[in-house]
1. For a quick check of your reading of the model, give me the residue pairs whose first member lies in the range 253-282 and is open to solvent by less than 70 Å² (accessible area, probe 1.4 Å), whose second is of a type in the set (Ser, Thr, Tyr), with beta-carbon atoms closer than 6 Å and at least 6 apart or on different chains.
2. Within the range 364-372, does at least one residue satisfy the condition of being free of Cβ contacts under 8 Å to residues at least 40 places away in the same chain, surrounded by fewer than 21 Cβ atoms within 10 Å (Cβ to Cβ) and not basic (Lys, Arg)?
3. Only residues in the range 334-359 that are closer than 16 Å to GLY72 by Cα count as the first member; pair them with residues that are not in a helix (DSSP H, G or I), Cβ under 8 angstrom, at least 6 apart or cross-chain, and list the lot.
4. Just one of (1) at pLDDT 90 or above; (2) closer than 30 Å to VAL407 by Cα trips up VAL261, so point out which.
5. Could you list, in sequence order, the residues of the range 400-455 that are of a type in the set (D, E, K, R) and farther than 22 Å from LEU218 by Cβ?
6. Suppose we filter PHE302, PHE244, PHE295 for residues that are under 20 Å from LEU82 (Cα atoms), touching a residue at least 24 places away in the same chain (Cβ under 8 Å) and out of contact with any Phe, Trp or Tyr (no Cβ under 9 Å at 6 or more places or on another chain); which single one remains?
7. Which of the helices (runs of 4 or more DSSP H) found entirely inside the range 349-418 contain at least 1 residues meeting this: in contact with a His (Cβ under 9 Å, 6 or more places away or on another chain)?
Amino acid sequence: LPSPIPWSLAQPVTPDLLVSPSSQDGDLGSECPEDRGNWTGRLDFLLSCIGYCVGLGNVWRFPYRAYTNGGGAFLVPYFIMLAICGIPIFFMELSLGQFSSLGPLAVWKISPLFKGVGMGTILIVSLVAIYYNMIIAYVLFYLFASLTSDLPWQHCGNWWNTDLCLDHHVIKAGNNTLPVNISNTVSPSEEYWSRYVLHIQGSSGIGDPGRIRWNLCLCLLLSWTIVYLCILKGVKSSGKVVYFTATFPYLILVMLLVRGVTLEGAWKGIQFYLTPQFDHLLSSRVWIEAALQIFYSLGVGFGGLLTFASYNTFHQNIYRDTFIVTLGNAITSILAGFAIFSVLGYMSQELGVPVNQVAKAGPGLAFVVYPQAMTMLPLSPFWSFLFFFMLLTLGLDSQFAFMETIVTAVTDEFPYYLRPKKASFSAVICIALFLMGLILTTEGGMYWLVLLDDYSAGFGLMVVVITTCLVVTRVYGMKRFCRDIHMMLGFKPGPYFRACWMVLSPATMMALLVYNIVKYQPSEYGNYRFPTWAEVLGILMGVLSCLMIPMGMVVAVLQEEGTLWERVQQASRPAMDWGPSLEENRTGVYVASLAGSQSPKPLMVHMRKYGGITSYENTAIEVDREMEEDDDEESM
């Protein structure tokens, strides 16, 4: 606190709340629930959101999706879907979290009947966290393997190579002498990945996992240890780590981009990536692919955004942050496409094959194609290390968000027992998920990873997002939700947001859900087809998260009294203590509804504290007046 000054010298002081919350250097600790913790710096929240949204999918899914769905023309449906269901749902999640300062389970005080949605979210996030950290373990494995003068996947002739292995140096030599038939050959990088890293030849399928690969197991243990140390003190520690993990990938991406576009043949790959094929826009599949890319890339529905926003101050400008993060995420995806396809163009020229024969998506791009391209460059271990270090930082901050979501959700449910022991509880969760992920470190672990990837966050996640959207707009009420945002930010959402929340976003999600069910295809990995029991297990994973919703409804109804319809009505209304977590932020219907509330009017608290009415109090008075007018209209 500043030292006392003589009354005669005192100057009029602008109250803290008149200043833009994001531009303050002052301590806003009093604005946040102290026992819960909050962000300690101005950029913690923004960088955490960017780190969470910009993940592995931006590098290994977007570029491939773009080129298979019309190249440059794909950007048209991509940005339209971003506007229809990306930005609005992103803003809705942030608003719910910031307004209530609650995690994805406790936030359902907004309508206790639908608490099962939160339970479904936690189930989905837990399953994703298990396999996502295994991908980080693979990245660590390659990172350590790059610390050498000669990359181990550069040549054939190792114990894991077969007779089909063909070195690209041989192909280049062959171009000068005799043509080499490469149709039935395998690259050294592909055999290194499948026969050495995964040792997949030791498993006959998903039902025969084989032995644990101890080097992978140690990498998984290391990745869980890193994640635990970074979330040890909740957002206070992870909020500092993201200053590095959210910004450093951009530096590496620019380095890879500059290196890529200066390679011979790079233009061939970029041309392949961006040449617009507008006839693709007439296909519904392209629009669905664009919506899916937006949906998974922004991470809506996983609870991470809601969790991060719940640690904000009450008046943080999340409206501005929404546009920074969503547009930044889209631009990053497009930039990553240039970095990837410039190198693929060079590689296709080196091998003398078309670009579409070397282009892949997912792990195939990250662990086979790109590492192979690295071996063709001078200083290949250096570029390989940089690439995998970028993937590590991209993956880690998404994993922080998954873990923070799980820990926050459960500790908010049992604050008296778990909040003082948050570090120990985080350790228990990390150990449990590490043990569950051990099957992924076996020789057949890749089959289990594909199953988890295909089903854990499929239609279950869409059902969760659709339900959230409908509950907030229809059950809680659009008018009430807009009032809450008005009270928090000082303005109401415009017609664009209201139209998206009411109609466009849920309708798009419904279309996605129907498309996913109608176009359902069984999982496969290469030429391996999954058995029926594995398919059923996968479908059950998706269905279980959906079943949480009716299960939660049954529990909520049983806790009420009266006839069945009365119980449903009571359970669908907001809980008594729903609203801002701090007493001075509660106005109108939220006044004095907190347990142990002392002050009859939060306005008095602010007047005592700041010596005048602040801009946010003016907003609160406006909201109260609107509510009174509405009540008068209803009573007439």
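1. The qualifying pairs are GLY260/SER342; LEU263/TYR346; GLY265/TYR346; ALA266/SER342; ALA266/TYR346; GLY269/SER342; ILE270/SER342; TYR273/TYR67.
2. Yes: the range 364-372 contains one or more residues that are free of Cβ contacts under 8 Å to residues at least 40 places away in the same chain, surrounded by fewer than 21 Cβ atoms within 10 Å (Cβ to Cβ) and not basic (Lys, Arg).
3. From residues that are closer than 16 Å to GLY72 by Cα, the pairs are PHE341/ALA359; SER342/LEU263.
4. With respect to (1) at pLDDT 90 or above; (2) closer than 30 Å to VAL407 by Cα, VAL261 is out only on (2).
5. Residues of the range 400-455 that are of a type in the set (D, E, K, R), as a first pass: 404, 412-413, 419, 421-422, 443, 453-454.
Correct list: GLU404, ASP412, GLU413, ARG419, LYS421, LYS422, ASP453, ASP454.
6. Details: PHE302 fails: out of contact with any Phe, Trp or Tyr (no Cβ under 9 Å at 6 or more places or on another chain); PHE244 fails: under 20 Å from LEU82 (Cα atoms).
That would be PHE295, the only listed residue that is under 20 Å from LEU82 (Cα atoms), touching a residue at least 24 places away in the same chain (Cβ under 8 Å) and out of contact with any Phe, Trp or Tyr (no Cβ under 9 Å at 6 or more places or on another chain).
7. Working: elements: 355-358, 370-375, 380-413, 415-418.
Answer list for the range 349-418: 370-375.
For (1) over 22 Å from ILE439 (Cα atoms); (2) surrounded by fewer than 21 Cβ atoms within 10 Å (Cβ to Cβ); (3) in contact (Cβ under 8 Å) with a residue 24 or more places away in the chain, each residue gets a yes or a no:
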{"position": "THR185", "(1), (2), (3)": "yes, yes, no"}
{"position": "HIS199", "(1), (2), (3)": "no, yes, yes"}
{"position": "ASP208", "(1), (2), (3)": "no, yes, yes"}
{"position": "ARG213", "(1), (2), (3)": "no, no, yes"}
{"position": "CYS217", "(1), (2), (3)": "no, yes, yes"}
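The values are calculated or read from the model by the stated rules, or taken from the named source; none is laboratory data. Given the structure is predicted, the values throughout are model-derived calculations rather than measurements. Using ideal geometry, Cβ is built from the backbone for each residue, glycine included, and neighbour counts are taken over all protein chains shown. For accessibility, only protein heavy atoms count, side chains too; no ligands or nucleic acids. Shrake-Rupley method; radii C 1.70, N 1.55, O 1.52, S 1.80 Å.
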